[in-house]
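Have a look at the structure below, then the notes.
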Amino acid sequence: QKKAKPIDFNAVINEAYSLFKNEKGGKNADYIPFLDKVNSDMYGIVIVTKEGQVYQVGENKFEFGIESIEKVFTLCMAMEIYGDSVILDKIGANQTGLPFNSVPAIELDGKRPSNPLVNAGAMATTSLLTSHFGHAEAWDKVNAYFAKFAGRNLTVLDELYKSEAATNAHNQAIAMLLKSYGYMYDDPLYACDFYTKQCSYGVNTRDLGIMAGTLANGGVNPVTKERLIKEKYVPKVLAIMGTTGLYETTGEWMFKVGLPSKSGVGGGIISVVPGRYAIAVFSPPLDKAGNSVRAQMAIQYISDKLDANIYSDK
Ligand code: GLN
């Protein structure tokens, strides 16, 4: 158990901001045309504590695509509905060691979707939600749940959704493949489209901070104080983030930083310091695995400065 020490969050995020502001590494996702056009210079850092204090520096108004970070909250919702056993029974919880949209990954793990934080597993998890609620109600239910995490209604960025839906043949193929193996729980192309829409939610850095802050606070939104996921499920969500949140580079990430995290190709990364606070960073240029370069640098810096590594009791 880490000792609670007084922390000057403002000083640390300001340092991290100025240290990496001029970083030029990485490039925007270009396989989704809309993401390629987003201004690469944008950079924002937010910390949300368990008590609900919000610290921020840089860009925190611009709404970017949540992309794969949505997978975390879809996972939360599936556990709330079905219990945690559904993940081991119907999805899987192992790292693939392969890119987030890998087809061979599905073939490796006993022809399973592998885990809820890669595209295959996320679409399978989404199909659990849509089949549970039915097509008429599913979007409203999921939308309401996501809104509770952010503490405000989130809207789909229409241009992003159209751009992604027009170019997601690869994800459609993955969804069909899963169907053929019996790991899709609703119509595969419907689930793929629903997932694409979820990935197209617009969020700002602050929204992500509050959403992640809910996981840092044992499942209770630290700002609205509403419980969104049972406390006993939070460590399981964090375990999956810690195993696969940054895809095939998660092992190196945990070695360097030691924080359960999740990235999205829109440029966001969330990291959770359990029972203490969450860090959200946004900056569009990505490394080869699809993780924001500046966000990784900023979070590593903050984690080192604040002794946040979950494997250390400093
Ligand atoms: N919507 C994106 C996709 O399915 C999400 C990928 C990501 O953020 N890694 O390809």
### Message
I need a count of the residues in region 15-49 that are closer than 17 Å to Asp307 by Cα and part of a helix (DSSP H, G or I).
### Response
2
#### Entry: Of all residues in region 156-174 being farther than 23 Å from Phe146 by Cβ and within 10 Å of the ligand (Cβ to nearest atom), the one that is surrounded by the fewest Cβ atoms within 10 Å (Cβ to Cβ)
His170
### Query
So, in region 95-109, of the ones that are aliphatic (A, V, I, L, M) and within 16 Å of the ligand (Cβ to nearest atom), which residue ends up surrounded by the fewest Cβ atoms within 10 Å (Cβ to Cβ)?
Val103
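Every residue, every condition in (1) within 16 Å of the ligand (Cβ to nearest atom); (2) modelled with pLDDT under 95; (3) under 20 Å from the mean Cα position of the chain (by Cα); (4) hydroxyl-bearing (Ser, Thr, Tyr), yes or no:
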position	(1), (2), (3), (4)
Asn10	no, no, no, no
Ser18	no, no, no, yes
Asp30	yes, yes, yes, no
Gln56	no, no, yes, no
Phe62	no, no, yes, no
Ile87	no, no, yes, no
Lys111	no, yes, no, no
### Identity of the residue in region 64-85, in contact (Cβ under 8 Å) with a residue 12 or more places away in the chain and either charged (D, E, K, R) or on the phi > 0 side of the Ramachandran plot (or both), that ends up nearest to the ligand (Cβ to nearest atom)
Glu67
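Is it the case that region 50-57 has a residue that's outside any helix (DSSP H, G or I), acidic (Asp, Glu) and not assigned by TED's automatic domain parsing to the domain that holds Lys148?
Yes, region 50-57 contains a residue that is outside any helix (DSSP H, G or I), acidic (Asp, Glu) and not assigned by TED's automatic domain parsing to the domain that holds Lys148.
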#### Entry: Residues (within 17 Å of Ser180 (Cα to Cα) and within 16 Å of the ligand (Cβ to nearest atom)) located in region 127-144
Ser127
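In region 32-41, what residues are over 14 Å from Phe282 (Cα atoms) and either β-branched (Val, Ile, Thr) or within 15 Å of the ligand (Cβ to nearest atom) (or both)? Talk me through it step by step, then tell me what you get.
Looking only at region 32-41, we keep the residues that are over 14 Å from Phe282 (Cα atoms), and these are 32-34, 36-37.
Within region 32-41, Ile32, Pro33, Phe34, Asp36 qualify.
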### Query
Applying the selection to region 175-188, what residues are over 14 Å from Pro116 (Cα atoms) and either within 16 Å of the ligand (Cβ to nearest atom) or among the hydrophobic types (A, V, I, L, M, F, W, C) (or both)?
Met176, Leu177, Pro188
### Query
Do you know which residues across region 92-113 are of a type outside the set (A, V, I, L, M, F, W, C) and in contact (Cβ under 8 Å) with a residue 40 or more places away in the chain?
Asn94, Gln95, Thr96, Gly97, Pro99, Asn101, Lys111, Arg112, Pro113
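The values are calculated or read from the model by the stated rules, or taken from the named source; none is laboratory data. This one's a predicted model, so the numbers in the text were calculated from it and none came from an experiment. Backbone-built Cβ (ideal geometry, glycine too); neighbour counts: all protein chains shown.
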